[in-house]
Structures are given as structure tokens and as C-alpha cells.
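The values are calculated or read from the model by the stated rules, or taken from the named source; none is laboratory data. What you see is a predicted model, and the numbers here were worked out from it, not measured in a lab. Here the Cβ positions follow ideal geometry from the backbone for every residue, glycine too, while neighbour counts run over all protein chains shown.
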Amino acid sequence: MIHASLTELRAALDAKKISSVELATLFLDRIEQHNPALNAFITVDRDGALAAARAADARIAAGNAGPLTGIPLAHKDVFCTEGVLTTCGSKMLSNFVSPYDAHVVSLLKAAGAVNLGKTNMDEFAMGSSNENSHYGPVRNPWDTTRIPGGSSGGSAAAVAARLAPIATGTDTGGSVRQPAGHTGITGIKPTYGVVSRYGMIAYASSLDQGGAFGASAADCAQLLSAMAGFDERDSTSLERPAEDYARELAAPASDQPLAGLRIGLPREFFAEGMAEDVRAAVEAALEQYRKLGATTVDVSLPNAKLAIPAYYVIAPAEASSNLSRFDGVRYGHRAAEYRDLAEMYAKSRAEGFGAEVKRRILVGTYVLSHGYYDAYYLQAQKLRRLIAQDFQAAFAQCDVIAGPTSPTTAWAIGEKTDDPVQMYLSDIYTIAVNLAGLPGLSHPCGFGGGNLPVGLQLIGDYFAEARLLATAHQYQQATDWHLRRPG
Amino acid sequence: MSLTTEQVLRIAGLARIELAEGDVEATRAKLNGIFGLIEQMQAVDTSGVEPMSHPQDVAQRLRDDVATEADRREAFQRVAPQTEAGLYLVPKVIE
């Protein structure tokens, strides 16, 4: 049961081969056993999970089960969960028991999914390695001396180590795709506006988007279908009818199920900077795609190199505004000693935020300060337009875009912590997708040196989630990388 | 571009983040590294390009001006550092 797909778990629950309570207990016991070595969870909610599992069992017995009823999952600790500690990886929220549920959390509750707990993450989702968590780094299940990626590293590590079959995440600059790549699992970030941001603690609002982790594209499709949908409480939520993202998974019975699919290869993604072991795995995956009937075509994203500079203006600017709410008045950490209100703010924020969060707030404060707005934020938003236009030009020549998820496999814990800029550059292939607001997916495509997973990124045009998932699913029908498990 | 110590202290003041004296120089060095990365943007001619704030260029939705939220003051104040009689307490601002 531990390694079963969602389809297999659904069948076992419906056939009463296992109850939801037994299934939840199985995963809770695994968390108890393996979490001390991985630190993937900040909070484990055994009582809440068992209560939800009992309710799910009643629903299954009554014949009212939906696709996810009784299925255990984990939520990234960025999602507010009523009555459960919600820290966002920060000391600032170390005592914050949320009084309400995020939209994603309420949707999954209503679907009957069983929340096992809240996963570790980079503080306020700012980071690429999970080392920025106040609750300690998450360790990569493939090699516990290495990072799992970030910022949704706890969710990725939990699914990779099968402490949960599926998990939620968020992706502002690659925070679902990059950790999925580094931990050998599948992760999807949908088109901006598809998943509601209500109750998802804000980092950079024009980029933040909820996403899904699973062992396979098929599992991700089911989770995403339950998470997505219009929500009037998020002003950037898109008014679109609900979708079944698994609808294109069944392919025609053919040994060339991807015949006719044109895969664009941006030459900028295959230039210098990609490690040789990553390149070898990605090239082999592209060869596999060609065997499945797809053709590859060279495309260009000439402004992609500007994505990181533009991101490090837009994201810190929005973060400095969003995080001004943490003032020690209504919730969160308040300093013990202060002489006046100004000092209370300054000390509470100095004590409550970690180093990287403070750096991004300071960068954002500067670029938004008087006289600098046009030179920084506005310029970055114009570059965003150019980057988005590059993708549209590329999609005139291809159906999906493919390339590496990250330039290297997972690095050693501590290797990049002293140099923020080196850390930022590791997101070179993922960030442009957020700036353009496009959907992106990472799936495992082999191993590099040290038996570390390599991820392949697929990027689709707006609202092409079902196609991305179907493409990855066909690859996973023909390969077994997604079935490999860490020792 | 290179930030001066005075600029770093001014930004920290605007951001309401106390910066310990011993941390100012290290903060300044790291911020300058980040701005070194950001400055690459300035070389690009973007005249005539419309800034993009939402990928779908949607308009802000409007709704009727009616109360939709229930009063949950007690639940929300339970997580506050200091409250009294339904009010949030802060240090005295007016003498």
C-alpha cells in the first residue's frame, strides 16, 4: 500500500481491502519512523488525520466517496489549516494556530482527503534548498547529506520517501518543480490563477501559485483536479469552469502515443551551465519522447536570461509589501522588550524573520522606495512582458517545451548558504515560467552522479495542464524512473 | 550600483527591521551582491513595452458592496500577542 498509486489506493478503499483509518495509520507510522532523519514535517496531526479518516470510512461505506475520499496527503505549511499550527517555516508564526482554512485546504477536506500534517519549507517560501527553514533543513531521501530543493522541500521529500502518497506545494519561482526534480518525483505548477491563493500565506502575489506533488503524472492530475477552481476570495483567481486534468491520460493503443506532438527545445536551456550528468539524462529522455512519436524542434527564448534579475526585483518588492503585515500586533511573534511602538515593530520583525527573508524585504523596500519604482519594478514588469512574448513565439512552433528542471542534481547541505546569488542562479530554468504565468511540470528522467535524481521540465501554453500531464504520463508508461525509490 | 552603510540603515528603517550594528556590513555586502545581479536588467531597452502585472491581463473583479464575512473576532484575536476587551493592545502612542 505504501507504494500504491492513487488509482490502486482508491480501488483498495472501495473494495474494503483497507480502511482509510488503516491507511492513515500506515503513513502516520512511517512518518514517525522516518521523519527524524528527513525533517520533512513541521507538524504531524495524528488525531486530526484519524478523525478525518473515520469520516472518510463512513462516506465510503455510504457509497458517497469521491476520487480522493480517504486518501492521505500532506500540506505545505504555507497553507492555513484551521486549528492546526501554520508556521510558513518561520519563527514569526511559530505560535500561529490558524483560525481558518485556505481554499485549497477546504476543497481537499470537502473531497474527503485525509491531512496527515504540515510539511517543512523555506521560510515564507523564500529559498531553493529548504535550508532557510526556522525548523531546520529538510534532507533529501536519496542522500541525507543533500538538500531536497525548495521551497516546498518538505512536501517533495515526504512524497519521495512515501511518508505521504501526495502533497500540496506552492511555486513562485520553481518551488514545486525544482524539489520534485531533486527528489525523483512528479510535480506540477498550473497556469497562474488556476489555484486559489486564499489562505496561502503570500510571498510574491503576482507569481505565487499552488501546485501538486505525486509519484506520477497520473497522481498529480488527480490532486490538481481537486485543488483547482475559481474562488472569488482571490482577486487574481480566473473564472473558468472546473477541469478534469486526468481527462487526456488514456492514450490511443499505439506504440507511438505521442505521434504529432512537437516538443520545443529552447537553445538557451541547453547552453553552458548545465551539468554533464543532467544533460545526459535529459538527452536520453528526449530520445525516449522521440521513440514515443514526438518530434523535437529548436526554439529560442532570447530574454530568458533576464528572468532571474527581473524575478529578484518583482518577488522581493511584493514580499516587502506582503510581509509588512507581520508587525507583532494581530498575530505572530512579538518581541519581549521594547520602549515604544516603533521599536516593537523593528525588534519583533528582526527576531521573527530569518536572514534570507530580511534580505528580500530590504531589497524590495529599496526598489519600491521613492524615485526607484520606474527603474526597478516597472522595468522588471516590462521584461516580464518580453519573456512572456518569447514563450508565445516559441509555442507557434511547438506544443510543449522541454528542458532540464535544474542545472545540477541536489547539492550538499551548506554548500550555497553563504552566497545567496549562487543559490538564486540554481532556478535559472524555472523562474521564467512563473514570470510568464505558464504551467510547468517536472518528472524524473534518470539519475546523475551519486545516484541523485534528474528532473525533466515540461512547459505548456496557458491552460495546457491536461496536455502536460498526459505527455508525462505517456513517458511514464514507457519508463520506470518514477517507480524508483530511495534506498 | 553599490549601497552605502547609510542607505542600508535607511532601508532597514523603512522596512521596520532592527539591524544589529555588527550585522550591517555583512548585510550590505550581500545586498550589493544581489543588486549586482539585478542591474543586468538596466541594459535592456524596454521603451514601448507595456508592463505586465497579470499574465492573463484580467481586469479587477467588482462585487456588490455587502458584508460577506461573519464576525469571528474572538477566533482571530485568540492568536494575537495582546488583546483586551476586543481590542489589540500596543505600546502607548499618544502621551
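Only one of the listed residues (A:ALA246, A:ALA242) is under 17 Å from A:GLY460 (Cα atoms) and not β-branched (Val, Ile, Thr). That residue is A:ALA246.
Kindly indicate whether A:LEU6 is of a type in the set (A, V, I, L, M) and touching an Asp or Glu at 6+ places or on another chain (Cβ under 7 Å). Spell out how you get there, then give the answer.
Numbers: of a type in the set (A, V, I, L, M): yes; touching an Asp or Glu at 6+ places or on another chain (Cβ under 7 Å): yes.
In short, yes.
Summed over the stretch A:331-360, the residues that are in a helix (DSSP H, G or I) and closer than 22 Å to B:VAL79 by Cβ give a count of 11. Within the stretch A:372-392, the set of residues being modelled with pLDDT of 95 or more and either in contact with a Cys (Cβ under 8 Å, 6 or more places away or on another chain) or within 8 Å of chain B (Cβ to nearest Cβ) (or both) comprises A:TYR376, A:LEU378, A:GLN379, A:ALA380, A:GLN381, A:LYS382, A:LEU383, A:ARG384, A:ARG385, A:LEU386, A:ALA388. Taking the criterion of being basic (Lys, Arg), within 30 Å of A:ALA350 (Cβ to Cβ), facing chain A (nearest Cβ under 9 Å) and under 24 Å from the mean Cα position of the chain (by Cα), would at least one residue in the stretch B:27-37 satisfy it? Scanning the stretch B:27-37 turns up at least one residue that is basic (Lys, Arg), within 30 Å of A:ALA350 (Cβ to Cβ), facing chain A (nearest Cβ under 9 Å) and under 24 Å from the mean Cα position of the chain (by Cα).
For (1) surrounded by 14 or more Cβ atoms within 10 Å (Cβ to Cβ); (2) closer than 15 Å to A:TYR377 by Cα, each residue gets a yes or a no:
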{"residue": "B:ILE17", "(1), (2)": "yes, no"}
{"residue": "B:ALA20", "(1), (2)": "no, no"}
{"residue": "B:VAL24", "(1), (2)": "yes, no"}
{"residue": "B:LEU31", "(1), (2)": "yes, no"}
{"residue": "B:LEU37", "(1), (2)": "yes, yes"}
{"residue": "B:PRO51", "(1), (2)": "yes, yes"}
{"residue": "B:VAL58", "(1), (2)": "yes, no"}
{"residue": "B:LEU62", "(1), (2)": "no, no"}
{"residue": "B:ASP65", "(1), (2)": "no, no"}
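Considering every residue within the stretch A:135-155, establish whether at least one is surrounded by fewer than 24 Cβ atoms within 10 Å (Cβ to Cβ) and either under 15 Å from the mean Cα position of the chain (by Cα) or under 25 Å from A:LEU9 (Cβ atoms) (or both). Scanning the stretch A:135-155, I find no residue that is surrounded by fewer than 24 Cβ atoms within 10 Å (Cβ to Cβ) and either under 15 Å from the mean Cα position of the chain (by Cα) or under 25 Å from A:LEU9 (Cβ atoms) (or both), so the answer is no.
For A:ARG197, are the conditions met, namely being among the basic types (Lys, Arg), modelled with pLDDT of 95 or more and at positive phi? In short, no. Output the residue which, of all residues in the stretch A:310-333 that are among the aromatic types (Phe, Trp, Tyr) and facing chain B (nearest Cβ under 8 Å), is nearest to A:VAL421 (Cα to Cα). Here the residue is A:TYR312. When A:THR365 is tested against (1) of a type in the set (Ser, Thr, Tyr); (2) part of a helix (DSSP H, G or I); (3) in contact with a Lys or Arg (Cβ under 8 Å, 6 or more places away or on another chain), exactly one condition is not met: (3). Does A:ILE18 satisfy the criteria of being modelled with pLDDT of 95 or more and over 26 Å from the mean Cα position of the chain (by Cα)? So A:ILE18 fits the description; yes. Only residues that are in contact with a helix residue (DSSP H, G or I) (Cβ under 9 Å, 6 or more places away or on another chain) and either of a type in the set (A, V, I, L, M) or over 30 Å from A:GLY150 (Cβ atoms) (or both) were counted across the stretch A:26-57, and they come to 14.
Scanning the stretch A:420-462 for residues being away from chain B (no Cβ under 14 Å) and at negative phi gives a total of 17.
Scanning the stretch A:223-274 for residues that are of a type in the set (Phe, Trp, Tyr), in contact with a Leu (Cβ under 7 Å, 6 or more places away or on another chain) and surrounded by fewer than 20 Cβ atoms within 10 Å (Cβ to Cβ) returns a single hit, A:PHE230.
Residues of the stretch A:334-350 that are more than 16 Å from B:GLY13 (Cα to Cα), in contact with a Gly (Cβ under 6 Å, 6 or more places away or on another chain) and more than 8 Å from chain B (Cβ to nearest Cβ): none at all.
One residue is enough: does the stretch A:372-393 have a residue meeting the conditions in contact with a strand residue (DSSP E or B) (Cβ under 6 Å, 6 or more places away or on another chain) and crowded, with 17+ Cβ neighbours inside 10 Å?
No, the stretch A:372-393 contains no residue that is in contact with a strand residue (DSSP E or B) (Cβ under 6 Å, 6 or more places away or on another chain) and crowded, with 17+ Cβ neighbours inside 10 Å.
I'd like the residue in the stretch A:351-371 that is within 7 Å of chain B (Cβ to nearest Cβ) and surrounded by fewer than 20 Cβ atoms within 10 Å (Cβ to Cβ) and, out of all such residues, is farthest from A:ALA317 (Cα to Cα). Filtering the stretch A:351-371 for residues that are within 7 Å of chain B (Cβ to nearest Cβ) and surrounded by fewer than 20 Cβ atoms within 10 Å (Cβ to Cβ), the one farthest from A:ALA317 (Cα to Cα) comes out as A:ARG359. Candidates B:ASP71, B:ASP57: the one that is within 30 Å of A:TYR462 (Cβ to Cβ) and more than 9 Å from every other protein chain (Cβ to nearest Cβ) is B:ASP57. Restricting the stretch A:394-423 to residues that are at pLDDT 95 or above and hydroxyl-bearing (Ser, Thr, Tyr) leaves a set whose member that is surrounded by the fewest Cβ atoms within 10 Å (Cβ to Cβ) is A:THR408. A:GLU318 passes every criterion in (1) of a type outside the set (Val, Ile, Thr); (2) under 19 Å from B:ARG16 (Cα atoms); (3) free of Cβ contacts under 8 Å to residues at least 40 places away in the same chain apart from (3).
Only one residue in A:LEU207, A:LEU224 is in a helix (DSSP H, G or I) and within 18 Å of A:GLN457 (Cβ to Cβ). Which one? First the steps, then the outcome.
Details: A:LEU207 fails: in a helix (DSSP H, G or I).
Criteria check complete, one pass: A:LEU224.
Pairs under 7 Å by beta carbon, first residue touching a residue at least 12 places away in the same chain (Cβ under 8 Å) in the stretch A:447-472, partner in a strand (DSSP E or B) and of a type in the set (Ser, Thr, Tyr), six or more apart or different chains? The qualifying pairs are A:GLY455/A:SER442; A:LEU456/A:SER442; A:GLN457/A:SER442; A:ALA472/A:THR186.
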